[in-house]
Amino acid sequence: MPSRNKSTNRRVSRRPRRAPMIEVRHSPIHGFGVFALRRIRKGTTIIEYIGERVSHEEADARYADKAEDDNHTFLFTVDARTVLDGGVGGNEARYINHGCDPNCESALAGKRVFVEAIRTIQKGEELSYDYQIQRDPDDAPNVDEIFACRCGATGCRGTMLAPPAKRRAARKPKRAPAKGGRRKRAKSKRR
Ligand SMILES: C[S@@+](CC[C@H](N)C(=O)[O-])C[C@H]1O[C@@H](n2cnc3c(N)ncnc32)[C@H](O)[C@@H]1O
Ligand SMILES: [Zn+2]
């Protein structure tokens, strides 16, 4: 049963605080990564992806001056209106690398994004989820090279981009996609 802190009259839980689940350190995949500090059970919500909420236009503007072959962003698409920029006010979640055989997935809950374990993760394992970065009709011909994956999984598909969509018979076009996922920056304005 929670008791109350006498000085603040706030509820105080008597449940002992658990040790942290994750830490950020250098990764063999890329730069920094996120690693399990203890065994994490399948289904555990590990962390929320936090960042400033901006429009797609603002997200484009923030990365517009980067070189064409620089794939690095901290952007996460929530829906057709909103992008989270983990580079501003973000937490450890922004350091989770992409994996083609991932142990986590990103899940949308309303307009919030959480990272959940999709299998049991052992202490010391690096966390990853499939970025499934969407392809665009005006992508550079070498886009898969620019977004080359170095996850090292046996079945690595070689790219952080989602597999190309299969051609379908002509149908009524769908409304604007609102699927959450990692986001490319827009095309560079530099020539
Ligand atoms: C949100 S950051 C992840 C943290 C990153 N390692 C860092 O130190 O900033 C995403 C970027 O990390 C790199 N990255 C993540 N997963 C990768 C992978 N499997 N292969 C190659 N680069 C990866 C890409 O540059 C990607 O744009
Ligand atoms: Zn891979």
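Readers should treat all values here as calculations from the given coordinates under stated rules, not as data from a laboratory. Just so it is clear, the structure is predicted and the values come from calculations on it, not from any experiment. Neighbour counts run over all protein chains shown; Cβ positions are idealised from the backbone, glycine included.
General remarks:
- As a proxy for reagent exposure, 149, 156, 100 were ordered by neighbouring Cβ count within 10 angstrom, fewest first; the result is 156, 100, 149.
- Evaluated over segment 102-162, the Cα radius of gyration and Dmax, each in Å: 13.9, 42
- As a proxy for reagent exposure, ranking 49, 63 by other Cβ atoms within 10 Å from fewest up yields 63, 49.
- The slack in the chain from residue 153 to residue 19, taken as 0.36 nm per residue of separation less the alpha-carbon distance, amounts to 45.3 nm.
- Spin-label model, residue 165/residue 111: points 7 Å from Cα along the beta carbon direction are separated by 2.6 nm.
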